[in-house]
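To start, the structure under review is shown below, and the notes come after it.
The values are calculated or read from the model by the stated rules, or taken from the named source; none is laboratory data. Computed from a prediction, not measured in an experiment: that's the story for all the values here. Quick reminder, even Gly has a Cβ in these numbers, built from the backbone with ideal geometry, and neighbours come from all protein chains shown. Accessible surface areas use protein heavy atoms only, side chains included; no ligands, DNA or RNA. Shrake-Rupley method; radii C 1.70, N 1.55, O 1.52, S 1.80 Å.
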Amino acid sequence: MKIIAVVQARMNSKRLPGKVMLSIIGKPLVWHIYDRLKKSKLVSDVIVSTGNSEKNELLCKFLTDNNIPHFFGNETDLIDRLYQTAKHFNADIIVRVTGDCPLTDPKIMDNLISTFIDSPEKYDVVVNNQEYTFPHGLDVEVYSFQILERLWNEIKNPEFREWFTLYLKKNNSNFNILNVRNLKNLSSHRWTVDYPEDFEFIKLIYENLYAENPN
């Protein structure tokens, strides 16, 4: 069984363009996500999956120069890009993390993967963001290759093909989805990067804590 983590990242964010390449203590944000996911005990590969657009050239060069496994796919059809990435790397289980989560937690990720593996016939998808109880920015989604293939075939609306998690929410009765809840509701905390002030907050966390303990 091959388990891969896929970081879906692109440079054309409308609210904070190029955020995945913004520097935190000398490394781009996307590197920190990749580095944190590499600490997973269950994932065999961490892949950065980006769009084959000229806007992503800087990101692509960085990934190539730093020997970070990556895949180029459709810029806006995110279900196609995730499906094609999984197919290219022969994955059985795919863990999806978005490129705006530099505090992503490998322990939380491994917990969701373990839950998925322990109930292979019970769940199509295991997530922690259908209903928020974790801080925003610790989002993890676990899919089987079969369910990605089903979504890839089933979703026709271009908007849902870009934001396929919305399709899952709107059609959750058609899927066996487990939403893992945090013991304490911390959904009021915002640890994701969408706006300049988000980035400044994350940057302060790294500047104050990383040297003492990178984890």
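Of all residues in the range 120-159 being without any contact (Cβ under 8 Å) to a residue 40 or more places away in the chain and more than 22 Å from Asn90 (Cα to Cα), which is most open to solvent (accessible area, probe 1.4 Å)?
So the first thing to find is which residues in the range 120-159 are without any contact (Cβ under 8 Å) to a residue 40 or more places away in the chain, and the list is 120-121, 146-147, 150, 153-154, 156-157, 159.
Next cut, more than 22 Å from Asn90 (Cα to Cα) only: 156-157, 159.
Working: Lys156: 156, Asn157: 71, Glu159: 110 Å².
Across the range 120-159, the extreme among qualifying residues is Lys156.
How many residues does the range 20-38 hold that are open to solvent by less than 20 Å² (accessible area, probe 1.4 Å) and either touching a residue at least 40 places away in the same chain (Cβ under 8 Å) or more than 17 Å from the chain's Cα centre (by Cα) (or both)?
First pass over the range 20-38, keeping only residues open to solvent by less than 20 Å² (accessible area, probe 1.4 Å): 20, 24, 28-30, 32-33, 37.
Applying the additional criterion that residues be either touching a residue at least 40 places away in the same chain (Cβ under 8 Å) or more than 17 Å from the chain's Cα centre (by Cα) (or both) yields 20, 24, 29-30, 32-33, 37.
The number of residues fulfilling the criteria is 7.
Quick check on my filter: what residues within the range 168-203 are open to solvent by 30 Å² or more (accessible area, probe 1.4 Å), in a helix (DSSP H, G or I) and over 29 Å from Ile25 (Cβ atoms)? Let's see the steps before the verdict.
Initial filter on the range 168-203 (open to solvent by 30 Å² or more (accessible area, probe 1.4 Å)): 169-174, 176-179, 181-191, 195-197, 200-201, 203.
Imposing the further condition that a residue be in a helix (DSSP H, G or I) reduces the set to 169-170, 172-174, 196-197, 200-201, 203.
Scanning the range 168-203 gives Lys169, Lys170, Asn172, Ser173, Asn174.
Could you tell me which numbered condition Glu207 fails, if it satisfies all but one of (1) part of a loop (DSSP other than H, G, I, E, B); (2) out of contact with any Phe, Trp or Tyr (no Cβ under 8 Å at 6 or more places or on another chain); (3) touching a residue at least 24 places away in the same chain (Cβ under 8 Å)?
(1)
Check the range 102-113 and report whether any residue there is out of contact with any helix residue (DSSP H, G or I) (no Cβ under 9 Å at 6 or more places or on another chain) and surrounded by 19 or more Cβ atoms within 10 Å (Cβ to Cβ). If you could, list the steps in order and put the result at the bottom.
Going through the range 102-113, the residues out of contact with any helix residue (DSSP H, G or I) (no Cβ under 9 Å at 6 or more places or on another chain) turn out to be 107-108, 110-113.
If we keep only those that are surrounded by 19 or more Cβ atoms within 10 Å (Cβ to Cβ) as well, we get 112-113.
Looking for residues that are out of contact with any helix residue (DSSP H, G or I) (no Cβ under 9 Å at 6 or more places or on another chain) and surrounded by 19 or more Cβ atoms within 10 Å (Cβ to Cβ), one finds at least one in the range 102-113, hence yes.
Identify, from the list Glu159, Glu57, Glu149, Glu121, the residue that is more than 28 Å from Pro17 (Cα to Cα), assigned to a helix (DSSP H, G or I) and of a type outside the set (Val, Ile, Thr). Quick ask: steps written out before the conclusion?
Numbers: Glu159 fails: more than 28 Å from Pro17 (Cα to Cα); Glu57 fails: more than 28 Å from Pro17 (Cα to Cα); Glu121 fails: assigned to a helix (DSSP H, G or I).
Exactly one residue qualifies, and that residue is Glu149.
If only one of Val140, Val193, Val180 is closer than 21 Å to Gln84 by Cα and within 17 Å of the chain's Cα centre (by Cα), which one is it?
Val140
Any idea which residue in the range 76-101 is least open to solvent (accessible area, probe 1.4 Å), counting only those that are polar (S, T, N, Q) and in a loop (DSSP other than H, G, I, E, B)?
Within the range 76-101, the subset polar (S, T, N, Q) is 76, 84-85, 90, 98.
Remaining after also requiring in a loop (DSSP other than H, G, I, E, B): 76, 90.
Working: Thr76: 72, Asn90: 115 Å².
My answer is Thr76.
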